[in-house]
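A quick write-up on the structure given underneath.
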Amino acid sequence: MDRLNRTHYQATEYTERVLQFGEGNFLRAFADWQIDEMNHKAGFDTGVVVVQPLPTGMAERLNEQDGLYTVYLEGMQNGQPLREHHVMECVTRGIDPYARYEAYEQLVEQPELRFIISNTTEAGITFNPDDRLDDRPQSSYPGKLTALLYRRYLHFQGDVSKGFIIIPCELIDRNGAVLQDIVLQYSKLWGLEREFIDWLDQANTFCCSLVDRIVPGYPQQRMPEITAELGYEDQFVVVGEPFHLWVIEGPDWIAREFPAEEAGLQVKIVDDLSPYRTRKVRILNGAHTALTPVAYLYGLETVGQAVNDEVVGTFIRELIQEEIIPTLDLPEEELQSFAAAVMERFRNPYVEHYVMSIALNSISKFKTRDLPTLSAYAAEQGQLPQRLTFSLAALIAFYRGERDGERIALADDAEVLGYFEQVWTRYEDTALGMEQLVDDVLSQEQFWGMNLNEIAGLTERTAQYLLNIRTSGMRQALHELTAAGTLLSH
C-alpha cells in the first residue's frame, strides 16, 4: 500500500505565507485545518512552513509525506453524528532548526511570509536568560522568534511592510501580550538597537488568542481499520471534533488578510477576548467540573453517559441555562449557541471522555471555573444557585474518597488530599456534623482564595445537600433536586 505523499496524491501547491512553530496534533487539526478550509473556500493561497520547536520532533517524518496528512472529524453536528475525513494540503514542508539551521535561517528572506502561529505548550512561552542571539538555534521559542524577527529586520532593512501577524495558540492567559513582552526582554538582553524595537512595534502585530477544539490525536488502536478505509498509509492521521472556535484579539483589518468568515469558519476578530474566555471557562469547563462529582457518585463513568442520562442530563442543562448563562456578559444568542454546541460536544459518540479524567485537581478547578459563577449569581440574584451549590456539596462528598464502598482514586495536591482525609474523620453524618464539616471545608482560604462561609446561606445549604447525599445516596438526592427544584423542605 502506498504512503500518502504528493507523488501518489495530487495536492495543490500554495505560497508559503505562514510560519508555524509546532508540528503537533492540535495545530494540524485546528489551525492548519482552518487554513486548508480558507484555501479551498476563500482562495487564501497559503502554505504553512512547520518549524520543529524542540530537538526531538516530527518535522523530517512529516517531510516523508510531503506535508500531507488526514484529518478525521468525529462528533455531533446539528444534532446528528458526523464522521468525515479530508487530506490537508496546506503544509508545504517541515524544518528541524537543530539539524537544518541554514534552511531555517533562510526563512526570513521569503517576502511573502506574513503570519506566525505557534503552539509550543504552556511551558513554551518562557524567558531563558541563557539564550544568546548567535545560538543556532536558541533553546526557547520566544528566543528563536526574537532572533528570527531581528534577522528579518536586517534583511529587509527595516521595511515595515515585512512584519508579521503573530498569533500564539498556547493555553496561557494573554498569550500574545506575554510573548511580546518576552521578545522585548530578549531585545534588551541582547542589546539590539532602538530602531529594531520600533520596527517590532510598527511592523508587527502580536495577537492574544483563544482556541477551542478537542483533538484526541493519533488513533493508534484504530489505525488498521482507518488505513483500510483510506487506501493509503498515513503516519500523521489526526482526529478532532467538528466544533472549532478561534477568537483572535487584534485590529479588525486582520479579517481582510485572514478570510475565515468568507470560508464559513468560527473565527472571531475582536477588540477584547476576555468575555469569550470567560464564556468558555464558565460554560464548558465549569459544566465539566460541576458534573464530575455528581455523575461519578451517581454511578456514571463518562461525560456522554452523564448528558444522556435523564436525571443527570437535566441537572447539567439546567445548570448551564439557569445558573451559568445569567452571569455572563455576551449577547444572549451567542451564549445560547455556544451552550448548545457544548452539549453536542458532551454527547460526542466517538469519544469516551471519562469523568475521572476531568476530576484531576477538582478543588482548584472548582475555584477557577465554578466559584466565580456561584459568587456572581448570589450577588446578582440575591439567592444561591441551587445546582452549583449542590455540586459543591457533591465535591465535598467526592473527596471523602469512597463510592459504594469502594475507594475513589482521587488525584490532587498532597495538601488537599491530606486535609480531606483528616476532615472526614472528625464529623458524624448528622445535621450538626455536616454543618460543622462544611464550615471547616469552606473556611480553607488556601483552597478557595476566600472564606466561603461569608457567602450568605452557603454553609447551611451546602450542609443540607451534603447530608442528603450521605444519608439518601446521590441518586435519591439528585432526583429530589431535579424533581422539586430544591432539596429543602417547605
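Some points to look at:
- In the range 285-484, a dipole from Cβ-located charges (positive for Lys and Arg, negative for Asp and Glu) runs towards its positive end, and of Tyr296, Thr368, Ala477 it is Tyr296 whose Cα lies farthest in that direction.
- Cβ-placed point charges (K, R +1; D, E -1), dipole of the range 198-264 about Cα centre in debye, nearest 20: 220 debye
- Size descriptors for the chain, from the alpha-carbon set: Rg then Dmax equal 25.4, 78 Å.
- For a straight C-alpha distance cut-off of 15 angstrom, the aspartates and glutamates reachable from Lys365 (same-chain residues fewer than eight places away being disregarded) are Asp412, Asp413, Glu445.
- For the range 333-400, GluC sites (Glu not before Pro) are listed when DSSP marks them as loop and at most 12 other Cβ atoms sit within 10 Å of their Cβ; the list is empty.
- Net lengthening on full extension, Arg426/Ala414 (0.36 nm per residue, minus Cα-Cα): 2.4 nm
- Antiparallel %, DSSP beta bridges [both residues in the range 16-272], to 5: 35 percent
- Relative contact order computed over the chain (Cα-Cα under 8 Å; 6+ residues apart), in percent: 12 percent
- If the chain linking Arg317 and Gln185 were pulled fully straight, counting 0.36 nm for each residue of separation and taking away their Cα-Cα distance, it would gain 42.9 nm.
- Measuring max minus min along each principal axis, the C-alpha atoms of the range 16-272 give extents of 56, 39, 30 Å (largest first).
- Principal axis analysis of the Cα atoms in the range 285-484 yields extents of 47, 37, 34 Å, listed in decreasing size.
- Neighbour-limited loop hits for GluC sites (Glu not before Pro), the range 91-139 (at most 15 other Cβ within 10 Å; DSSP other than H, G, I, E, B): Glu112, Glu122
- Note on Glu257 and Tyr354: their simple-model spin labels are 4.5 nm apart, each label 7 Å out from Cα toward Cβ.
- Computed [θ] at 222 nm, deg cm²/dmol, the chain (DSSP H ≥ 4; -39,500 (n - 2.57); rounded to nearest 500): -12500 deg cm²/dmol
- Rel. contact order, % - alpha carbon contacts under 8 angstrom, at least six apart, the range 16-272: 21 percent
- Overall form of the range 27-157 per C-alpha gyration tensor (a/c, 1.5; a/b vs b/c): prolate
- A Cβ-based charge dipole, computed about the Cα centre of the range 285-484 with Lys and Arg at +1 and Asp and Glu at -1, lands at about 320 debye.
- In a DSSP loop and with at most 14 other Cβ atoms within 10 Å, the chymotrypsin sites (Phe, Trp or Tyr not before Pro) in the range 251-315 are Trp253.
- Principal semi-axes in Å for the range 275-347 [√(5λ), Cα gyration tensor, largest first]: 22, 11, 10
- The antiparallel fraction among DSSP beta bridges confined to the chain stands at about 40%.
We did not get these values from a lab; they are worked out from the coordinates using the rules stated. As the structure is a prediction and not an experimental result, all values here were calculated from the model. As a convention, Cβ positions derive from the backbone with ideal geometry for all residues, glycine included, and neighbour counts pool all protein chains shown.
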